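The values are calculated or read from the model by the stated rules, or taken from the named source; none is laboratory data. Because the structure is predicted, anything quoted here is derived from the model rather than measured. Here the Cβ positions follow ideal geometry from the backbone for every residue, glycine too, while neighbour counts run over all protein chains shown. Just the protein is used for accessible areas: all its heavy atoms, side chains included, with ligands, DNA and RNA removed. Shrake-Rupley method; radii C 1.70, N 1.55, O 1.52, S 1.80 Å.
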Amino acid sequence: MPPLPKTVPLRLADLAARHAQTRPDAPALCFEGQTLSYAALHQRSLDAARWLWQAQGVRAGDRVAWLGLNHADQITLLLALARIGALLVPLNFRLAAPEWDAVLADCTPSLLIHDATWKEAAQALAQRHGIAAQAVQSIGADSAAPDDLPVADAADATDLPVLLVYTSGTTGTPKGAVHTQANLLANMAAAQQVQGLTAADTVLTVLPLFHVGGLCIQTLPALGAGARVLLHARFDPAATLAAIAEHRPSLTVLVPAVMKALIDHPAWATTPLDCLRAVWAGSSTLPPPLVDAFHARGVPVCNVYGATETGPFSVALGPQHAFTHAGACGWPAPGVEVRLGGVAAAAPGGAADGVGELWLRGPAIVRRYWPDQAAVDDQGWFHSGDLGQQAGDGSWRVVGRAKDMIISGGENIYPAEIENVLLTHPDVAECAVLGVADARWGEAVVAAVVPRPGRQAEAGALHDFLQARVARYKLPRRYVSLPALPKTALGKVQKLLLLKALP
């Protein structure tokens, strides 16, 4: 891995400290009408560390959970816990109570911090698990004197776990990915370099910080670079477009569902987008109509491929290739290795079509799941479960999940290929392609389609549309119209649930 840029601190706890010394009044975080300068962010993190240490008894290795919407003090907490050597466990507020229970039972936090929106749910959750619950407004109250401030051993700090993020569970029980400070710092370095982040940038964060996509693709790298971060409590299309018009951010990260909500909003056509030098998308595959809508406005849509376990800044399509390589994930980020494994050798036809499971290795990739389950193999490779293909120019493309691959009549069929074509049909708002058991073919292709408002997406019309664009053996044998698709918090279709729900 190349050396860390000068903007990346040697310890996560010092993320704001360098800028507090050289540019104390520069804006760091803008949240709900208030701006924290870098000096204020640094001081706030010191106060929070003292409060956690003295008033809450948090020690190195302890876990502290967060339940709430995006909040500036999520960053404060992360920096404070890094100073102590403890871990932040951000909870997905979209989960059901039993799912929160499963996470807390797994990682056993000593403290739960919440915002006003989730106060009642958080207090009930904490009571069920016999731990304390504190409002976010309490952070830093009655903090100790500066000479009582705990500091994790500088020599070991980067190896200490600091962030415990649970996977989305699209294929099974969620697992807690253990990110060390070194993991986060390596991800920051790669993200800064590829995105060209500098102190002159303004980053708009609307994705949830409980996921590495919202926290680690731009937010932490931007703060490491000394940029200004505009943080929204939650995504709202009107508020996002208004922020672009008023505050003129240079970068933002979106996911397909968010892109669609912006494009469909009445203010989309009149909102100036010339301030955005790029929109980055955290998704393995992007529906072409969404990409085309931004490209038509002159805004390159860049892509980041990765997972909760990989940083997630692993493979990136930069602005210089956004228009020529739409649909691709791009090239490995600095310090990241990518290869095909598993499926390429084992699946019928895998080696012939150049498709295999993407394996990744690099300094930002976690080594274990909580508490001590290996996340990588003996050689340090993370087996993503995604099926990928490399072009002659070295760029990578994701064609689906390994478990989603359909083998029909001995042919490998990759759902993403069919889905991307279906999404260009004017009657289709969303879709998902699945394989179902079939006595004759082994598996048969089924397309679940959500029609656009006021449209019907008739099976015959869709079949004719696809027949002119994909090979015959890839054509769905059945089309199912649904009002919605089951999704995770970040908009990934939960195909296991969808398969069970098919009529």
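Just one of the listed residues (117, 76) is among the β-branched types (Val, Ile, Thr) and part of a helix (DSSP H, G or I), and it is 76. For segment 479-500, the tally of residues that are open to solvent by 70 Å² or more (accessible area, probe 1.4 Å) and of a type in the set (Gly, Ala, Ser) stands at 1. Apart from one condition, residue 83 fits all of (1) among the basic types (Lys, Arg); (2) surrounded by fewer than 24 Cβ atoms within 10 Å (Cβ to Cβ); (3) at pLDDT below 95; the exception is (2). For segment 274-301, a residue qualifies if it is in contact (Cβ under 8 Å) with a residue 60 or more places away in the chain and open to solvent by less than 10 Å² (accessible area, probe 1.4 Å), and the qualifying residues are 278, 280.
Listed by position, the strands (runs of 3 or more DSSP E) enclosed by segment 13-71 that each have at least 2 residues that are open to solvent by less than 40 Å² (accessible area, probe 1.4 Å) are 27-31, 63-67.
Taking the condition touching a Cys at 6+ places or on another chain (Cβ under 9 Å) and in a strand (DSSP E or B), does residue 304 pass? First the steps, then the outcome.
Details: touching a Cys at 6+ places or on another chain (Cβ under 9 Å): yes; in a strand (DSSP E or B): yes.
Spelling it out, residue 304 is indeed touching a Cys at 6+ places or on another chain (Cβ under 9 Å) and in a strand (DSSP E or B).
Of 60, 102, 86, which residue is over 18 Å from residue 137 (Cα atoms) and either in contact with a helix residue (DSSP H, G or I) (Cβ under 7 Å, 6 or more places away or on another chain) or aromatic (Phe, Trp, Tyr) (or both)? Full working, then the answer.
Details: 102 fails: either in contact with a helix residue (DSSP H, G or I) (Cβ under 7 Å, 6 or more places away or on another chain) or aromatic (Phe, Trp, Tyr) (or both); 86 fails: either in contact with a helix residue (DSSP H, G or I) (Cβ under 7 Å, 6 or more places away or on another chain) or aromatic (Phe, Trp, Tyr) (or both).
The unique qualifying residue is 60.
Considering the conditions (1) within 30 Å of residue 493 (Cα to Cα); (2) surrounded by 14 or more Cβ atoms within 10 Å (Cβ to Cβ); (3) modelled with pLDDT of 90 or more, residue 110 is excluded by exactly one of them, (1). There is at least one residue in segment 156-175 that is at pLDDT below 95, surrounded by 18 or more Cβ atoms within 10 Å (Cβ to Cβ), of a type in the set (A, V, I, L, M) and not in a loop (DSSP other than H, G, I, E, B). Scanning segment 485-497 for residues that are in contact with a strand residue (DSSP E or B) (Cβ under 6 Å, 6 or more places away or on another chain) and modelled with pLDDT of 90 or more returns a single hit, 485. Screening 307, 322, 316 for residues that are of a type in the set (Gly, Ala, Ser), at pLDDT 95 or above and within 17 Å of the chain's Cα centre (by Cα) leaves exactly one candidate, 316. Candidates in segment 471-503 are the residues that are assigned to a loop (DSSP other than H, G, I, E, B) and more than 31 Å from the chain's Cα centre (by Cα); of these, the one that is nearest to residue 173 (Cα to Cα) is 503. Considering segment 370-385 alone, what residues qualify as being of a type outside the set (S, T, N, Q), surrounded by fewer than 20 Cβ atoms within 10 Å (Cβ to Cβ) and not in a loop (DSSP other than H, G, I, E, B)? 374, 383, 385 - these are the residues of segment 370-385 that are of a type outside the set (S, T, N, Q), surrounded by fewer than 20 Cβ atoms within 10 Å (Cβ to Cβ) and not in a loop (DSSP other than H, G, I, E, B). State yes or no: is residue 97 at pLDDT below 90, more than 30 Å from residue 17 (Cβ to Cβ) and surrounded by fewer than 16 Cβ atoms within 10 Å (Cβ to Cβ)? Yes. Could you list all residues from segment 219-235 that are open to solvent by less than 10 Å² (accessible area, probe 1.4 Å) and under 16 Å from the mean Cα position of the chain (by Cα)? Answer for segment 219-235, where residues must be open to solvent by less than 10 Å² (accessible area, probe 1.4 Å) and under 16 Å from the mean Cα position of the chain (by Cα): 219, 220, 221, 222, 231.
Checking each residue in segment 447-478 for being open to solvent by less than 30 Å² (accessible area, probe 1.4 Å) and on the phi > 0 side of the Ramachandran plot picks out only 457. The requirement of being touching a Cys at 6+ places or on another chain (Cβ under 7 Å) and under 25 Å from residue 261 (Cβ atoms) is satisfied by residue 422. If only residues of segment 196-218 that are among the polar types (S, T, N, Q) and surrounded by fewer than 24 Cβ atoms within 10 Å (Cβ to Cβ) are counted, the one that is farthest from the chain's Cα centre (by Cα) is 198.
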